[in-house]
1. Inspect the range A:39-46 for any residue being surrounded by 14 or more Cβ atoms within 10 Å (Cβ to Cβ), at pLDDT 90 or above and within 14 Å of another protein chain (Cβ to nearest Cβ) and give the result as yes or no.
2. What number goes with the only condition from (1) modelled with pLDDT of 90 or more; (2) of a type in the set (Gly, Ala, Ser); (3) closer than 30 Å to residue A:25 by Cα; (4) open to solvent by 40 Å² or more (accessible area, probe 1.4 Å) that residue A:75 does not pass?
3. Anything in the range B:223-236 that is facing chain A (nearest Cβ under 9 Å) and surrounded by 20 or more Cβ atoms within 10 Å (Cβ to Cβ)? List them, or say none.
4. Kindly provide the set of residues from the range A:94-141 that are at the interface with chain B (Cβ under 9 Å from one of its Cβ atoms) and over 16 Å from residue B:224 (Cα atoms), ordered by number.
5. Could you say whether any residue in the range B:52-71 is open to solvent by less than 10 Å² (accessible area, probe 1.4 Å), polar (S, T, N, Q) and within 23 Å of the chain's Cα centre (by Cα)?
6. Which of the residues that make up the range B:241-258 are within 11 Å of chain A (Cβ to nearest Cβ) and modelled with pLDDT of 90 or more?
7. Would you check if there is a residue in the range B:291-298 being open to solvent by 40 Å² or more (accessible area, probe 1.4 Å) and either touching a helix residue (DSSP H, G or I) at 6+ places or on another chain (Cβ under 8 Å) or modelled with pLDDT under 90 (or both)?
8. Which one of these does residue B:149 not meet: (1) in contact with a Gly (Cβ under 6 Å, 6 or more places away or on another chain); (2) surrounded by fewer than 19 Cβ atoms within 10 Å (Cβ to Cβ); (3) basic (Lys, Arg)?
Amino acid sequence: MSIKVENINIGYKSKKQDTVIAKNISFSLKKGEITAIVGINGIGKSTLLRTIANVQPPLKGSITIDDNQITKYSALDLASKISLVLTESIASKNLTVIELIALGRQPYTNWLGTLTNIDKKKIKEAIELVEISDLQHKRCFELSDGQLQRVMIARALAQDTPIILLDEPTSHLDLYHKVQILKLLKNIAHKTNKTILYTTHEIAIAIQLCDKICILNTEESFFDTPCNLIKQNHFEKLFPTDTIKFDSGTGSFKIA
Amino acid sequence: MNQPKTYKFYFLALVILLVVLFFVNISLGSVFIPIKETFATLFGNSSNTSWHYIIWNYRIPKAFTAIFVGSGLSLSGLLMQTLFRNPLAGPFVLGISSGSSLGAALLIMGAGLLTSIFSFDIYNNVTLIIASSLGSFLVLFAVLSVAIKIKDTMSLLIIGLMFGSITGAVVSVLSYFTTAEKLQQYTYWSFGSLGDLSWSQLALLTGILSIGILLSIISIKPLNAFLLGENYAQSLGIQIKKSRYIIIIATGLLAGSITAFAGPIAFIGLATPHLTRQIFNTTDHKTLVPAVLIFGAVIMLICDTIAQFPGSESVLPINAITSIIGAPVVIWLLIKKQKMVF
């Protein structure tokens, strides 16, 4: 299972003209790797993620999973390939944790959504992997942001897809919980051989933790291991240098 | 997911309650019939023909109407609350009852202004049913045709409310120009009534409601997915637009036909799903759909029994009773539970 993004332009289509946000994005993701998409606000990180999830079409270029165009997949087929963790909060916070995670099995259940033993096993595995057994019967409005994020990740795991996309999974969390969640994701990628792609503003953490990073710019994007990107000085150009400078020795940003 | 066994008990209790209330309902009325005689009539060995007539042609159809109205409105309320992710949504948020009011108002008051054109008898309740169904479907189709162009479900909610305002305004204009007598007639219609249905009308209502319930049942899985929000639902393989249409059409059939036959009946559709969630502590529509159907029927039978005002000859307007009885219950629940669960 591999996902290949070839030379795509992302943005929004309207009747009059297409609004291109970022151009010429290419990369391919391997299984068992965790990749971060970084870039300044408004550069199109979430748009890229939505485009890969086939929520909106690319303006140019192609995205393929196992050499098949994602636009050719039906919603149901794609649901068994890609699972999502979005920034939007879920509609009903009255769901219990276990009910929410069980919804991840929808692509595989019958017309009524009846859970089979296989479904129950997958749900149990997801709960154990994310270590939230003690939360199972709580309702979502009773959870902290960090707990809810783990639950959403468990839901994505229960969906049992080779690819998991996460939109800013750590945005509301403190440093400890950010690292906790990201270590969990890295663990999942390496242990279960899944492809994990997430957007983030925490570049310093991503550099230390990710297998690959995609730096998004308006004109071109760079995709490589964090070390190579540092060597090639790509992080320097990420922000205006009169405000923030990148220190390649420590792999972190300093106020200029 | 581990609790279907406990819910079986609740379902059984509710069904028993429903049956008991059904018999209580038909044994009460403005004409006193002893309970023993009521049962004798039911099982076909009654001597009193007028009692036989009252029970078989008035009370039983009315009790069934109450059951269908309660079930149908409650189910459509549940559908709308989940679709619009809004605990305040009810069966009429898409303008169905306002459309139906418009139809009824045009027939009663509009026809009064144009008596030369409309020569039929407007007292006939069949024409009233036709007019109000036409009205509600007109508004429903208007909302549906907008729904094609709209991506965001929330805008649809507002558009439904706007259509409601427009039709409400037209009804106001009609009321302003009409005679006091016609206005009173329209007001009577707007009180709602469970008692005017013949057996054949009841059969027609049952048929339409069955389609609505069937469409709701096939929507159970998408409804559960909608609990996560539309983007998540889509990522789970749900065809959002198609599911949304099916849910809207189901609501149109349920709430539209009920309003046409029984008039606008407030409150039940909004409140029953909330009351049901207090008993059935789940968000799973596999449990909630049958639960609101039964619980809605129970609540409506209770309201109708109270509306008959035991011991009195007058029957109170059902539309008022549902709110008088129901609204305090919801307020009490909110204070007790501190939050409106959804």
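1. yes
2. (4)
3. Of everything in the range B:223-236, those that are facing chain A (nearest Cβ under 9 Å) and surrounded by 20 or more Cβ atoms within 10 Å (Cβ to Cβ) turn out to be B:224, B:225, B:226, B:227, B:228, B:230, B:232, B:233, B:234, B:235, B:236.
4. Residues satisfying the conditions are A:120, A:123, A:137, A:141.
5. Yes: one or more hits.
6. Residues of the range B:241-258 that are within 11 Å of chain A (Cβ to nearest Cβ), as a first pass: B:241-243.
Answer for the range B:241-258, where residues must be within 11 Å of chain A (Cβ to nearest Cβ) and modelled with pLDDT of 90 or more: B:242, B:243.
7. Keep residues of the range B:291-298 that are open to solvent by 40 Å² or more (accessible area, probe 1.4 Å), which gives none.
No, that holds for no residue.
8. Condition not satisfied by residue B:149: (1).
The values are calculated or read from the model by the stated rules, or taken from the named source; none is laboratory data. Computed from a predicted model, the values in this text were never measured in an experiment. Backbone-built Cβ (ideal geometry, glycine too); neighbour counts: all protein chains shown. Remember, those area values only see protein heavy atoms, side chains included, never the ligands or the DNA or RNA. Shrake-Rupley method; radii C 1.70, N 1.55, O 1.52, S 1.80 Å.
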